[in-house]
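In what follows, a structure is listed as structure tokens, so that the remarks can point back to it.
Nothing in this text is a laboratory measurement; each read-out follows from the coordinates by a stated rule. On a predicted model such as this, the values are computed, not experimentally measured, just so you know. Counting neighbours? That spans all protein chains shown, and the Cβs are built from the backbone with ideal geometry, glycine included.
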Amino acid sequence: MPLTVRVVSPDKTVWDAAAEEVVLPSTTGQLGILSGHAPLLTALDTGVMRVRPSKNQDWQAIALLGGFAEVEADEVTILVNGAERGDAIQLEDARAAYNQAQTRLNQVPAGDRQAQIQASQAFKRARARFQAAGGLV
């Protein structure tokens, strides 16, 4: 029996379809969900979610920008601050944003805690988008 998977961001539904398997970037590590999974509520980190629609299809990548996931009765509901399907991200644009975010993170003065946090968050977002687009596999 397949899972019903929904990824909802504030401005759109990014994914709403059946899937055989889901891998989520939880705040405690990667979390795999299959049919029959126990009920669960977990916080999600900024990272890449992977969905396999069926055993005959390739994995689909979705960049998530933090949020929550609920699993109950073979339904996976993912509420996130932002999400973008990997097949909708231009690889070269994502690569340029990743490189720029990495440079910015490396140039933050050691004593500027707020700038370090902001640069680190921007880097995590850029890395997730780049991974979802097919870079940094």
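Remarks
- For Ala115, the requirement of being among the hydrophobic types (A, V, I, L, M, F, W, C), on the phi > 0 side of the Ramachandran plot and more than 13 Å from the chain's Cα centre (by Cα) is not met.
- Residues that are part of a strand (DSSP E or B), surrounded by 13 or more Cβ atoms within 10 Å (Cβ to Cβ) and not small (Gly, Ala, Ser) within region 35-54 comprise Leu40, Thr42, Leu44, Asp45, Thr46, Val48, Met49, Arg50, Val51, Arg52, listed in sequence order.
- In region 20-47, residue nearest to Ala83 (Cα to Cα) [restricted to those that are more than 16 Å from the chain's Cα centre (by Cα) and of a type in the set (Gly, Ala, Ser)]: Ser35
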